[in-house]
Structure formats: C-alpha cells, structure tokens
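The values are calculated or read from the model by the stated rules, or taken from the named source; none is laboratory data. Predicted, not measured: the structure shown is a model, and the values here were computed from it. Please note: Cβ atoms are built from the backbone with ideal geometry, for glycine as well, and neighbour counts cover all protein chains shown. Surface accessibility is based on the protein's heavy atoms, side chains included, excluding ligands, DNA and RNA. Shrake-Rupley method; radii C 1.70, N 1.55, O 1.52, S 1.80 Å.
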Amino acid sequence: MDLGALHMAQQDGGTPTILAAGNAPGESGVCVLSVRFDGGMHLIRQATARCHCICFLMSSGRVEKRMGGRVVYVERRAGTLSIHPAGVDCAADADEDLDILVVSVDPCRMALAAAEGALAEAQLIERLGGEDPALLALARTLAFESVHNYPSGALSWNEAASSFVDGLVTGHAAAMPARSRGTLGKDQLQRLRDYIVAHLDEPIGVEALADIAARSPFHFTRVFTRSVGVTPHRYVVHLRLQRAIELVREGRSGLAEIAARTGFADQSHLSRWVRRVHGVPLSRLTA
C-alpha cells in the first residue's frame, strides 16, 4: 500500500492502531489495511497516491469526507464504502471511535482485469458513499487472512484479491472514451486474446500480435501496455498461467505435459512463474 501518500491520526494526535496490514506473497496487486481510531479520526490521502483506495467504514458514525473539492457530511452505517481513484486527493474526519478497512489496488492490476473483459482502460468511478456487500465480504476475508498470517495460504489470498479486483471492475468502473491511436478497442482486445489462447503451446511474438492490431511492433507495445496495464509478454504469460492452473486442477495431465501445452519451456519454468505470481510452489496446486 502506498502509505507514503496516506497520513492518519486519532483525536490525541497519535498514530491509530493497525489491526491488519499487508498482502500474501505473489503479484496480486492488492494490499489490505485495517485501522482503529480512538476518540476521532483524521485521514488525508495525497493526490500523489499511486494506487486506487477502497475504504470500508467498519463501525457506524458521522464522517466528514472530502474528495476532489467536494465535501459531504454523512451518518455512515457499518459497511459503507467509498472509492478513491489513484491521483485524486481525499480526506476524512470524525469525532468518535472509528474502525476502517482499506483495500489498495494497483491500477495496472485493475487494467489487466478490465482487459480480461475486453474493457480497455477502465476508469474507476469516484464514490463518497455506497454499499457493496460482496466486496465487503472479500475485504473482510483479506483482512482476516492478514491478521492470522494467511492460514488458508498465499494462493487462497491471491484468489480472493483477484475476485476483489474483478468485482471492482464489474461494479465500479466505466470504459474511458475511445482514443483511436491511444488505446486498443474492445474488438481488438478480444481478437488478441483469442489468438493467444489458440496458440498457447507455440511461441507468440509481439510481431504477430502487432499484425492483428494493425500497428508496428514498437507502437503496439506502447499502446497495449497503456490499455492492458502489462506488456504483451506479461499478458501472454498471464494467459499461459491461467490455462496451466486450470489443467493442473483438472488432474488429467502430468505437469511436464501441462507445461508443454501452455507454452512454458519445461516444468521448472512453469513452477517458477507459479511461485512468482501466486506465491506458492507448483506442488501446492495439486494438493
């Protein structure tokens, strides 16, 4: 979590109590922070924040919220959420005990999830209030796992984090206006994904992908990365891993065969990527 852009204090000016913080090993792009304020809350998040911030009020109370020049005074029920996109300053104040649960999401991870739904450059919608019980349940799960040192394992935590990002895209994001040369369109993203999935067991070069998008390799790489949040190479690896894990869980093929069918050099290569992205050894997927 980008704590350098987040400043918190309770009524006495002291640091509030951190109940949970962090994330499991892997590349989920999600962090959780649970905080208790005694006597009152003062919170400021600067516009330099690099991550999206989804904040849940975990106890009822009256809160003054400010974001992008807007100010609201509201009586909040426990479970109320607010959404603060990266690059937007925000602040909140309260004059009573308060618990909050904050989930931080890397914009690149959200862009990747949006691309999975063929939604180029999804824009997170600012919210100063609202409810989303499904997101709240996932946030609670992430906090519980963090507090207890991930008893369900890193893979379970990362899957819950992925579900949280997917829910954020589905329920709280909108497509940005298309820019003919600046992003890839929905149809182009779908064609690229279809091509990669159909050729997972083969080498997939950026030149072939650029041809599908009718761009030069250099320009394609820049536009793709802007649209999807990762480079073409990392997106190909993402889809290879996605399919490999499905095959591992089906249990009908050996690991060496799965690696070959999904384009990894060998079982060891597949194992390294599983550990890097999901934070667990390949053997854990077969347990």
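Does any residue of the range 113-127 turn out to be at pLDDT 95 or above, among the small types (Gly, Ala, Ser) and under 30 Å from VAL72 (Cα atoms)?
Residues of the range 113-127 at pLDDT 95 or above: none.
Within the range 113-127 (the criterion being at pLDDT 95 or above, among the small types (Gly, Ala, Ser) and under 30 Å from VAL72 (Cα atoms)), the answer is no, since none of the residues qualifies.
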Has the range 15-30 got at least one residue that is in contact with a Lys or Arg (Cβ under 8 Å, 6 or more places away or on another chain), of a type in the set (Ser, Thr, Tyr) and surrounded by fewer than 16 Cβ atoms within 10 Å (Cβ to Cβ)?
yes
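Confirm whether ARG226 is basic (Lys, Arg) and over 28 Å from ALA174 (Cβ atoms).
Considered against the rule, which asks whether it is basic (Lys, Arg) and over 28 Å from ALA174 (Cβ atoms), ARG226 comes out as no.
Against the definition (under 18 Å from ALA111 (Cα atoms), at pLDDT below 95 and among the hydrophobic types (A, V, I, L, M, F, W, C)), how does VAL223 come out, yes or no? Steps first, please.
Working: under 18 Å from ALA111 (Cα atoms): yes; at pLDDT below 95: yes; among the hydrophobic types (A, V, I, L, M, F, W, C): yes.
Considered against the rule, which asks whether it is under 18 Å from ALA111 (Cα atoms), at pLDDT below 95 and among the hydrophobic types (A, V, I, L, M, F, W, C), VAL223 comes out as yes.
Considering each residue of the range 243-259, count those that are assigned to a helix (DSSP H, G or I) and open to solvent by 60 Å² or more (accessible area, probe 1.4 Å), and give that number.
Selection size over the range 243-259: 6.
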If you go through the range 272-282 one residue at a time, how many are farther than 19 Å from HIS233 by Cβ and either among the aromatic types (Phe, Trp, Tyr) or touching a residue at least 12 places away in the same chain (Cβ under 8 Å) (or both)?
3
Strands (runs of 3 or more DSSP E) (entirely within the range 41-83) containing at least 2 residues that are out of contact with any Cys (no Cβ under 9 Å at 6 or more places or on another chain), more than 25 Å from GLY13 (Cβ to Cβ) and modelled with pLDDT under 85
70-76
In the range 127-136, the residues that are more than 16 Å from the chain's Cα centre (by Cα) and either surrounded by 15 or more Cβ atoms within 10 Å (Cβ to Cβ) or outside any helix (DSSP H, G or I) (or both)
ARG127, LEU128, GLY129, GLY130, GLU131, ASP132
Report, by residue number, each residue of the range 1-56 that is in contact with a Pro (Cβ under 7 Å, 6 or more places away or on another chain) and of a type in the set (Lys, Arg).
ARG36
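Tell me, which residue of the range 260-276 that is open to solvent by 40 Å² or more (accessible area, probe 1.4 Å) and either among the small types (Gly, Ala, Ser) or touching a Phe, Trp or Tyr at 6+ places or on another chain (Cβ under 8 Å) (or both) is nearest to ARG243 (Cα to Cα)?
That would be ALA260.
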When you go through (1) closer than 30 Å to VAL280 by Cα; (2) in contact with a helix residue (DSSP H, G or I) (Cβ under 7 Å, 6 or more places away or on another chain); (3) outside any strand (DSSP E or B) one by one for ALA21, which number turns out not to apply?
(3)
Any idea which of GLY205, GLY153, GLY182 is within 26 Å of PRO85 (Cβ to Cβ) and either touching a helix residue (DSSP H, G or I) at 6+ places or on another chain (Cβ under 7 Å) or not hydroxyl-bearing (Ser, Thr, Tyr) (or both)?
GLY182
Kindly evaluate PHE37 against the criterion of being under 25 Å from GLU159 (Cβ atoms) and of a type in the set (Phe, Trp, Tyr).
no
Only one of these is surrounded by 20 or more Cβ atoms within 10 Å (Cβ to Cβ), within 17 Å of SER34 (Cα to Cα) and out of contact with any Pro (no Cβ under 7 Å at 6 or more places or on another chain): ALA122, ALA92. Name it.
ALA92
ARG240 passes all but one of the listed conditions (1) buried (at least 16 other Cβ atoms within 10 Å of the Cβ); (2) of a type in the set (D, E, K, R); (3) not in a helix (DSSP H, G or I); the exception is number (3)
Only unsatisfied item for GLY68, checking (1) at positive phi; (2) open to solvent by less than 30 Å² (accessible area, probe 1.4 Å); (3) not aliphatic (A, V, I, L, M), is (2)
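Which members of the range 95-110 meet the condition of being over 21 Å from SER60 (Cβ atoms) and open to solvent by less than 20 Å² (accessible area, probe 1.4 Å)?
Filtering the range 95-110 for residues over 21 Å from SER60 (Cβ atoms) gives 104-110.
If the condition is that a residue be over 21 Å from SER60 (Cβ atoms) and open to solvent by less than 20 Å² (accessible area, probe 1.4 Å), then SER104, VAL105, MET110 are the ones that fit.
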